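Chemist: First the structure, then my questions, so here it is.
The values are calculated or read from the model by the stated rules, or taken from the named source; none is laboratory data. Source: prediction; values computed, not measured. Note that each Cβ is placed from the backbone with ideal geometry, even for glycine, and that neighbours are counted across all protein chains shown. Protein only, heavy atoms only, side chains kept; ligands, DNA and RNA dropped before computing areas. Shrake-Rupley method; radii C 1.70, N 1.55, O 1.52, S 1.80 Å.
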Amino acid sequence: MSITPTMKTRSTRAKIALVPVLSFGLLAGAAAVAAPAAAHDDRDRDHRHGCNVQPLKPTDARGDWVNFPVSVKCDDGRKVVHIQQKRYEKDRGRDTRLHDGHYDAFHIYVHRADRKEVKDRYDQVSRRLDRRGPEEVYHEIRFAVDKGHGRLEWSGWVKSDTLRGVNSHH
């Protein structure tokens, strides 16, 4: 007596074997569709009231000074952009906030449409913050565009790239 699976049994087994394959395919397809939407970072979505403001990578300005520049561009001119900026020295644990733990607040008048303004913001970075070599610094900003109604809607905080090797030339 031979035990040979019938055609019906084979097709049922084949169907059962296909379930995990199809499930994985559907899951991978959903992830591929969702990936472009999740790929946007904070810099892409902080375009408020016709303006885009971004923290640029800090630059070493010699000695203990570092420039923490901010880029501002508005589609149509004649706007006042309010900016709050926090500066940090990167540590292994919790990062050290520069500027006595406060944020720096300033504003930029944008006069012409489609012109990128770069605002330089200098701060001293002590060599004594990190015992293990040169400092690493970055900054975060948030901004609001004054529409003339006295009420400001602030963006979320956006982080710049990190400058490595501050004070390494001394």
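Chemist: Can you run down the residue pairs with Cβ atoms below 9 Å, 6 or more apart or on separate chains, where the first is in region 40-68 and open to solvent by less than 50 Å² (accessible area, probe 1.4 Å) and among the small types (Gly, Ala, Ser) and the partner is at pLDDT below 75 and part of a loop (DSSP other than H, G, I, E, B)?
Modeler: Matching pairs, first to second residue: 63/167; 63/170.
Chemist: Mind checking which residues of region 94-107 are modelled with pLDDT under 80 and assigned to a loop (DSSP other than H, G, I, E, B)?
Modeler: Answer for region 94-107, where residues must be modelled with pLDDT under 80 and assigned to a loop (DSSP other than H, G, I, E, B): just 102.
Chemist: Right, something else. Of these, 130, 114, which one is surrounded by 13 or more Cβ atoms within 10 Å (Cβ to Cβ) and at pLDDT below 90?
Modeler: Being surrounded by 13 or more Cβ atoms within 10 Å (Cβ to Cβ) and at pLDDT below 90 holds for just one of 130, 114, which is 130.
This table checks each residue for (1) closer than 14 Å to residue 54 by Cα; (2) part of a loop (DSSP other than H, G, I, E, B).
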position	(1), (2)
72	yes, no
81	yes, no
92	no, yes
109	no, no
137	no, no
141	yes, no
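Chemist: Where the second residue is modelled with pLDDT of 85 or more and among the β-branched types (Val, Ile, Thr) and the first is open to solvent by 10 Å² or more (accessible area, probe 1.4 Å) and lies in region 137-155, which pairs have Cβ atoms under 6 Å and are six or more apart or on separate chains?
Modeler: The qualifying pairs are 138/162; 146/80.
Chemist: Report, by residue number, each residue of region 97-111 that is open to solvent by less than 30 Å² (accessible area, probe 1.4 Å) and among the aromatic types (Phe, Trp, Tyr).
Modeler: Step one: filter region 97-111 for residues open to solvent by less than 30 Å² (accessible area, probe 1.4 Å), giving 98, 104, 106, 108, 110.
The one that is open to solvent by less than 30 Å² (accessible area, probe 1.4 Å) and among the aromatic types (Phe, Trp, Tyr): 106.
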